[in-house]
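Enquirer: My questions all concern the structure below.
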Amino acid sequence: MSEPENLFCLHFLGGSALSWAPLADALDGALTCVPIDLPGFGEAADRTGFSIDAMAEHVAEAIRARAPAAFAIAGHSMGAKVALALARRAEDGDSGLAGLTHLILISGSPPSPEPILDERRAKMLAWIDADPETREREARNFIRANVGANLDAETEARAVADVLRASPAAWKAWLESGAREDWCRRIGVLRTPTLVLAGSEDADLGPDAQQALMAPHLARHRRMTVDGVGHLLPLERPDLLAGLLREHVTGGGEAPVDGPPAIPSAYAALIDSERVNGRLRAALEERAEPDDPAYRPEALDPVELAILRAVLARVLPVPGLDPAARIDRHLAAGQGDGWRFSALPADPDAYRAALRTLDAAARAAQQRPFVSLDADNQDALLTLCQKGALTVPEALGGRLDADRMRFWFEDLRGDAARLWLGHPAALARIGFSGIGAGGDRPDAIATDLPGFHAVGLDAPESWEPQPSHGELAR
């Protein structure tokens, strides 16, 4: 992948192109920063068009005007949601954005509605149209509330001035509409290499929010938490940000991807032999195909898929296999096992409701999303599911009661077990040789058919592969 020529920088709510000046200085020419004022902010304070689509088109025009062969986009907070919309357009074939190579998302507003308390939203809306003295005081409080430690006087003064010159209409449009836009399914899962950064002291869009709401949309990403920093990393630690950016765009730090579960050579030879008919062989080969790390869910949304992956990592961990994606594909195609508990809705609806209920239970009990809990706390909630004791009030996000969560969890374990035991690696692990019961010779007489002839106890056929674990199973 080419290294980018330009870094287009999209600021936070209340910021401007000037918010990126400290980063540009820290990069010292290693990467050309092209900061852009979003409509309603900075030098574009008189421009309108405050939806995510409109802001993305505003930035796309600036990118097209430069026509870089290769470029990256850095999005901070509000700007990150716009950056995601641009990346989706680039991956969908927008010719003007074809050169996108990397994303950098800093305390990013996620594709789903931004997690901000109604009380805080109302307070931010209340002062933007106030008298000049109140606006200046509240703008300063806004900046100070969003940093881990005090900014130097000059940096703080510039940040406050940016907030004060923002269009009140743009400010209100973001809080009332833009931050609430749900792009979860539109963004889907992106393949663009992405660096996700969050400050440890960021209350709304910190590490947990990035893991639960941002990471599910990014197939190739690295998440990092910056200790002691709040919401305004480009102003608080531009030197550190510059170093992380340089490392990211030069290809460093990408996490390795597990290969698919290995099939022992003896079992692979059995699959390829005349003892296995062609239809079964094709099915086994399809099951052995590696999963797409950028799988875009159809029945679930990306956040729900991430919760399901976290659940299955506790229920049936298999390195290199993505049973959550396979379950989603079966749900979307209606390929269930043919029955369900009468108390549950249709399988796709049951999965969606159960996963959201489980996440709500984690937030109610631990004030954290399910995917951010440690293994012991995840296991504790799943044990409550198993026992029919997981209760979450509807007002807190509970969509299924305790009994229906128990039924769903039983279904989930059955679905996971069937998926894994149908995989050739699992069949090899238990030494299942029943796949060799017949071939494709329609003209063969009974004595010529491949299959089993020795039927006594502990009398395997000479051609049967030995199990890699456990006893031989036919």
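The values are calculated or read from the model by the stated rules, or taken from the named source; none is laboratory data. None of these values were measured; they are calculated from a predicted model. Using ideal geometry, Cβ is built from the backbone for each residue, glycine included, and neighbour counts are taken over all protein chains shown. Just the protein is used for accessible areas: all its heavy atoms, side chains included, with ligands, DNA and RNA removed. Shrake-Rupley method; radii C 1.70, N 1.55, O 1.52, S 1.80 Å.
Enquirer: Pick from PRO264, PRO319: which is open to solvent by 40 Å² or more (accessible area, probe 1.4 Å), under 21 Å from ARG222 (Cα atoms) and in contact (Cβ under 8 Å) with a residue 24 or more places away in the chain? I'd like the intermediate steps shown before the answer.
Expert: Values: PRO264 fails: under 21 Å from ARG222 (Cα atoms).
Matching residue, one of PRO264, PRO319: PRO319.
Enquirer: For the condition open to solvent by less than 20 Å² (accessible area, probe 1.4 Å), at pLDDT 95 or above and not acidic (Asp, Glu), what is the one hit in ALA299, ALA313?
Expert: Checking each option against the conditions leaves just ALA299.
Enquirer: Look through the range 276-291, keep the residues that are open to solvent by less than 60 Å² (accessible area, probe 1.4 Å) and not hydrophobic (A, V, I, L, M, F, W, C), and return whichever of them is nearest to ALA380 (Cα to Cα).
Expert: Within the range 276-291, the first condition is being open to solvent by less than 60 Å² (accessible area, probe 1.4 Å), and the residues that meet it are 276-278, 280-284, 288, 291.
From what is left, the residues that are not hydrophobic (A, V, I, L, M, F, W, C) are 277-278, 281, 291.
On the way: ASN277: 45, GLY278: 45, ARG281: 40, ASP291: 29 Å.
Across the range 276-291, the extreme among qualifying residues is ASP291.
Enquirer: Take the range 370-390 and flag every residue that is among the β-branched types (Val, Ile, Thr) and surrounded by fewer than 16 Cβ atoms within 10 Å (Cβ to Cβ).
Expert: Correct list: THR383 only.
For (1) under 20 Å from VAL196 (Cα atoms); (2) in contact with an Asp or Glu (Cβ under 7 Å, 6 or more places away or on another chain), each residue gets a yes or a no:
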{"residue": "ARG237", "(1), (2)": "yes, no"}
{"residue": "LEU241", "(1), (2)": "yes, no"}
{"residue": "ASP272", "(1), (2)": "no, no"}
{"residue": "VAL276", "(1), (2)": "no, no"}
{"residue": "GLU286", "(1), (2)": "no, no"}
{"residue": "PRO290", "(1), (2)": "no, no"}
{"residue": "GLU298", "(1), (2)": "no, yes"}
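Enquirer: Could you count how many residues in the range 205-225 are closer than 17 Å to HIS102 by Cα, in a helix (DSSP H, G or I) and open to solvent by less than 10 Å² (accessible area, probe 1.4 Å)?
Expert: So the answer is 2.
Enquirer: Tally the residues that are modelled with pLDDT of 95 or more, open to solvent by less than 60 Å² (accessible area, probe 1.4 Å) and either within 22 Å of ASP292 (Cβ to Cβ) or in a loop (DSSP other than H, G, I, E, B) (or both), restricting the search to the range 231-256.
Expert: 2
Enquirer: Looking only at residues that are of a type outside the set (D, E, K, R) and part of a loop (DSSP other than H, G, I, E, B) in the range 391-421, which one is surrounded by the fewest Cβ atoms within 10 Å (Cβ to Cβ)? Steps first, answer last, please.
Expert: The first filter runs over the range 391-421 and keeps only residues of a type outside the set (D, E, K, R), leaving 391-393, 395-398, 400, 402, 405, 407-409, 412, 414, 416-417, 419-421.
Going one step further and asking which of them are part of a loop (DSSP other than H, G, I, E, B), we end up with 391-393, 397-398, 400.
Numbers: THR391: 13, VAL392: 23, PRO393: 9, GLY397: 16, GLY398: 20, LEU400: 24.
Among them, the one singled out is PRO393.
Enquirer: Also, I was wondering about something else. Select the strands (runs of 3 or more DSSP E) contained entirely in the range 1-89, then report the ones holding at least 3 residues which are crowded, with 24+ Cβ neighbours inside 10 Å and modelled with pLDDT of 95 or more.
Expert: Hits in the range 1-89: 6-10, 71-76.
Enquirer: Further question: Go over the candidates GLY259, GLY228 one by one and state the one that is touching a residue at least 40 places away in the same chain (Cβ under 8 Å), surrounded by fewer than 17 Cβ atoms within 10 Å (Cβ to Cβ) and either assigned to a strand (DSSP E or B) or in contact with a strand residue (DSSP E or B) (Cβ under 8 Å, 6 or more places away or on another chain) (or both).
Expert: The unique qualifying residue is GLY228.
Enquirer: Hey, can you tell me all the residues within the range 128-144 that are in contact (Cβ under 8 Å) with a residue 12 or more places away in the chain and farther than 15 Å from LEU233 by Cβ?
Expert: Passing the criteria: ILE128, ASP129, ARG135, GLU136, ALA139, ARG140, PHE142, ARG144.
Enquirer: Shifting gears a bit: Taking into account only those residues within the range 176-204 that are outside any helix (DSSP H, G or I) and among the charged types (D, E, K, R), which is nearest to VAL249 (Cα to Cα)?
Expert: Within the range 176-204, the match that is nearest to VAL249 (Cα to Cα) is ARG191.
Enquirer: In the list ASP152, ASP131, which residue meets the criterion of being over 15 Å from GLY230 (Cα atoms) and open to solvent by 60 Å² or more (accessible area, probe 1.4 Å)?
Expert: Step by step, each of ASP152, ASP131 is checked, and only ASP131 is over 15 Å from GLY230 (Cα atoms) and open to solvent by 60 Å² or more (accessible area, probe 1.4 Å).
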